[in-house]
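Structure first, commentary second.
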Amino acid sequence: MTGSDLPPSHAMRHVRTMCPMNCHPTYCGMEVEIQDDRVLSVQGDDENPDSRGFLCIRGQASREIIDNPMRVLRPRLRDVRTDGAWRDTSWDEALDRIAGAIVKVGAEAVAVWAGHGSIVNTVGRRLAPRFANLCGFQWWEPAIVCWGLGGFGFSLTGPAQVNTKEDMAAHSDLIVLWGANLASQPTTAPHLVAAKRRGAWIVAIDVRRSEAFEQAHETHLIRPGTDAALALALMHVIVGEGLHDPAFVSSHTAGFPELAAHVKQYTPEWAETETGIPATAIRALSRRYAATKQSMILVGGSSMHKSANGWQAGRAIACLPALTGALGRPGAGLGPRHAAQSSGMGTVNIEASERRPPSPSGRPYMISEMSSILDDLDDGRVKVLLLFGTNMVSSFADASRVARALDRMDLVVSHDLFMQETARNHSDVVLPATSWLEETGYKTTNTHLYLMDQAISARGDTRSAAWVMDALAKRLGVVDFFPWKDTDALLTALFDHPVMGHVTPAQLRAQGGYQPLAISHVAHPDLLFPTPSRKVEFFSERAAELGMPPLPVYEPIAEDAPIQPERAGRFPLLFRQGRTLTHFHGFYDHGRALPTLAKADPAPRLWINPADAAARRIRDGDAIRILNDRGTMGARAQVTDRVPPGVVWMRDGWAGINDLTSGARSLPAAAARAFPGGQAAYEARVEVSAAKL
Ligand code: SF4
């Protein structure tokens, strides 16, 4: 569990593991060459059935983590939050300081947030909620920064599971990449190409011309925040022209009469004014979609879900395959999506939520939803914050509000590989973390379970998140946080599940480190859905009870020009963020700590349309300032027609990017409590001007 020393070996070893990034649904296999406890090389694992030898630039760059001179190798703390006040310390002093602060403020004023860094080999992610529950701390889902809202919309409607990429390759005749970007799920790409070779028609819809557009027969640039409007107009045509599947609708859905009456108002002409997509193209897409039984929609992440109405888009899109009867069959329904599971996936639950003590004040625990958290932080509800593998001020919306809240706290702790914006500017204690090769864990894709064995000794005084949580729990009198003999025993407990065939780590090792999951490649094969009626709910009474519209609707985002015309005049450009292949969110000090990534992506670049650039006398490569009434950020201009006029785009994860974005509420409080994991609006309108960096 600790990430301890391994016996030295002078022989060259080839170790099979997984890339440490978390690009779900893409997880890539990696082969590491090791000699004398040093990593000589990393390369793609040709035998990995998911990635088949693929390893992108980020995966290649991961070898620069291990013996990186910028890595944090000893616990460090400071008594005042100034740059020069850091001093190295012992684990005992660091942990005593944290435990002392927790005892002083009481468990209810302590919050735990474990981000992507603790999901690297899954173990920290599985243990963090257990740690919070047993200790009585506040706990927030990692998903509050990315895909949670879209998942909420899908599960509210019903089709929450996804068909696999292998099923798509073999059976889909129409594939709609709706905000899905191949830089976010590269291992889906070969399966897309295989389907295309077989004759499948590919459609790409996004706010920018992403890599997916290059693979598509048909492309649509959509105005940010209007995906629900497009889905409603598609339904208008399908229902209005009688193209739906009456038998499927009658047997497996609820609320069709209400939906049919409701979508009459959403004509393609209306949708054209909202989305910017011509009405003729919307009609043609509706007809093609309804006429193709093996039609699969792959929904993307940031472009849609980092939006106040992203859950409404998810809810509306989820209705489409139910209308045409494209659910529970090969090649149809919904395809790979970030954090969505194939049918049957699961592991044993070790969270111990039933042992979470009542909060001493009697006040309900904080809602794990970004806007609610921001309100509670403003109220001073959290006094000690424990961050595991997350750069909070980089990833939260309305980051300057977060920064002010952190500055008011008694103690902020970061457990990480490198210093980063939050650790550098706001933390009092920084704990050195083991890397993925220095501890044992696992990953599951939608089809396979992979063991990630410890391959080298832990560098310096680094420790795993599991070790840190256990040491703190013991100091606080919780003796059974880690009741397993060792990590293998923990994994044996987690894998004791039918989908994993109750396999043990020893058995996995003996068979090469991985095995297929016992899943169905077709989602919802029994045509039962996780709704109160077990049907797809076009009309959702549950939504109404939670204070939301019972039918799928389109509500323009608050940053829309007609809603805030004066503000739109001052900040005329709609800002969106997303993924490229040269970074993973704010990992590794925004990519600056790994030379390969720093070289590939040296500074923030804002995509801006030539017309918008010319109007501001900005040329390609110019230093610019991006600003609004929340904050300002420096960048370089990338003048490109890959974004339409009025829209600007930047890859996420840069320091300062979320000083620009809105932390406004996306869900009513009742819905946020019922579905913890939703994010704030993340919207932003900005103005851009030439500036010196
Ligand atoms: S796409 Fe790249 S970063 Fe993501 S898991 Fe694969 S190799 Fe790693």
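The values are calculated or read from the model by the stated rules, or taken from the named source; none is laboratory data. These figures come from a predicted structure and were not determined experimentally. Reconstructed Cβ throughout: ideal geometry from the backbone, glycine too, with neighbour counts over all protein chains shown.
Per-residue answers, yes or no, for (1) at pLDDT below 85; (2) within 16 Å of the ligand (Cβ to nearest atom); (3) surrounded by fewer than 19 Cβ atoms within 10 Å (Cβ to Cβ):
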{"position": "551", "(1), (2), (3)": "no, no, no"}
{"position": "558", "(1), (2), (3)": "yes, no, yes"}
{"position": "561", "(1), (2), (3)": "yes, no, yes"}
{"position": "565", "(1), (2), (3)": "no, no, yes"}
{"position": "583", "(1), (2), (3)": "yes, yes, no"}
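Would you mind finding the one in 500, 469 that is crowded, with 20+ Cβ neighbours inside 10 Å and under 29 Å from residue 416 (Cα atoms)?
The conditions single out 469.
Please go through region 507-519 and give me each residue that is in contact with a helix residue (DSSP H, G or I) (Cβ under 9 Å, 6 or more places away or on another chain) and either of a type in the set (Val, Ile, Thr) or closer than 30 Å to residue 331 by Cα (or both), ordered by number.
514, 515, 517, 518, 519 - these are the residues of region 507-519 that are in contact with a helix residue (DSSP H, G or I) (Cβ under 9 Å, 6 or more places away or on another chain) and either of a type in the set (Val, Ile, Thr) or closer than 30 Å to residue 331 by Cα (or both).
I'd like to check something: does region 179-202 contain any residue that is farther than 26 Å from residue 331 by Cα, out of contact with any helix residue (DSSP H, G or I) (no Cβ under 7 Å at 6 or more places or on another chain) and not aliphatic (A, V, I, L, M)?
For region 179-202, residues farther than 26 Å from residue 331 by Cα, out of contact with any helix residue (DSSP H, G or I) (no Cβ under 7 Å at 6 or more places or on another chain) and not aliphatic (A, V, I, L, M): absent.
Show me the strands (runs of 3 or more DSSP E) found entirely inside region 166-281 where at least 2 residues are assigned by TED's automatic domain parsing to the domain that holds residue 309 and modelled with pLDDT under 95.
Filter on region 166-281 gives an empty set.
Can you confirm whether residue 180 is touching a residue at least 24 places away in the same chain (Cβ under 8 Å), closer than 14 Å to residue 336 by Cα and aliphatic (A, V, I, L, M)?
Yes: the conditions hold for residue 180.
Within the bounds of region 64-72, is there any residue that is among the basic types (Lys, Arg) and assigned by TED's automatic domain parsing to the domain that holds residue 454?
No; the residues of region 64-72 include none that is among the basic types (Lys, Arg) and assigned by TED's automatic domain parsing to the domain that holds residue 454.
Quick check on my filter: what residues within region 493-538 are among the basic types (Lys, Arg) and in contact (Cβ under 8 Å) with a residue 12 or more places away in the chain?
Residues of region 493-538 among the basic types (Lys, Arg): 509, 534-535.
Those that are among the basic types (Lys, Arg) and in contact (Cβ under 8 Å) with a residue 12 or more places away in the chain: 509, 535.
How about region 410-529: which helices (runs of 4 or more DSSP H) wholly inside it have at least 1 residues that are under 26 Å from residue 341 (Cα atoms) and not charged (D, E, K, R)?
The qualifying helices (runs of 4 or more DSSP H) are 465-475, 487-494, 505-510.
Condition first: more than 16 Å from the ligand (Cβ to nearest atom) and within 30 Å of the chain's Cα centre (by Cα). Can you find one or more residues in region 52-67 that meet it?
There is at least one residue in region 52-67 that is more than 16 Å from the ligand (Cβ to nearest atom) and within 30 Å of the chain's Cα centre (by Cα).
Would region 124-137 turn up any residue that is buried (at least 23 other Cβ atoms within 10 Å of the Cβ) and assigned to a loop (DSSP other than H, G, I, E, B)?
yes
Can you report the number of residues in region 632-670 which are over 20 Å from the mean Cα position of the chain (by Cα) and outside any strand (DSSP E or B)?
Number of matching residues: 10.
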